[in-house]
Structure formats: C-alpha cells, structure tokens
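A short write-up of the structure that comes next.
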Amino acid sequence: MTYFVGLDVSVRETAVCVVDEVGKVICESKVPTEPGDIVALLSTIGGDYVRVGIEAGPLSQWLVNGLTEADLPVICVETRHMKALLKAQQIS
C-alpha cells in the first residue's frame, strides 16, 4: 500500500496525517517535534511512503534532514507557492 504524509509542525508537537492513494485517512496523530518520533510513528504504520510533505518554517530544515536520513521521501513546501500552484491547476 502506498501512502502520503502531511506534517503540521509546531515547536512542541507535530500533527501527522497519513493518507492512502485514494485519500483515505490511515492515521492522524500528534507526536513530539523530533525527527525520531516522527520516524517511529511512520515505521509503526508501515507501507510505502510516496511523499512526506512539510511546510517551510523555522524547524523545517532540521526535520527534513532527519527524515531524509531515515530514507523518507520528504519535501519542504512554501505555503504561498503551493496555494498559487493549486489555484493555477483549478483554472486549467
């Protein structure tokens, strides 16, 4: 099964949402904002992670580095750029 992950990062906790290829929510959870805690949660779910998305912010580079070291396909996205891209796709 292939999964996509969204991370909503704050200083103390990160909300993690995992969905499958059709958008069905597989897991919604909060973990401490530590790369190891995020990796541990994702490891318990298993599956093939296609993309792990994280919003650009003060902790994002540190988290991206930690998740990349764990061989997760992480991408850091600037919110304004993503909003513009999604809006452009709706027009097409």
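Things to note:
- When the stretch 1-40 is filtered for residues that are open to solvent by less than 50 Å² (accessible area, probe 1.4 Å) and aromatic (Phe, Trp, Tyr), only 3 remains.
- Subset tally (residues that are of a type in the set (Val, Ile, Thr) and touching a Phe, Trp or Tyr at 6+ places or on another chain (Cβ under 8 Å)) for the stretch 1-28: 5
- Sole exception among (1) free of Cβ contacts under 8 Å to residues at least 40 places away in the same chain; (2) more than 11 Å from the chain's Cα centre (by Cα); (3) not in a strand (DSSP E or B) for residue 30, by number: (3)
- The single residue among 57, 47, 66 that is within 12 Å of residue 7 (Cβ to Cβ) and open to solvent by 30 Å² or more (accessible area, probe 1.4 Å) turns out to be 57.
- Boolean, residue 19 is closer than 16 Å to residue 1 by Cβ, at pLDDT 95 or above and aliphatic (A, V, I, L, M): yes
The values are calculated or read from the model by the stated rules, or taken from the named source; none is laboratory data. On a predicted model such as this, the values are computed, not experimentally measured, just so you know. So basically every Cβ, Gly included, is an ideal-geometry build from the backbone, and we count neighbours across all protein chains shown. Calculation scope for accessible area: heavy atoms of the full protein, side chains included, ligands and nucleic acids excluded. Shrake-Rupley method; radii C 1.70, N 1.55, O 1.52, S 1.80 Å.
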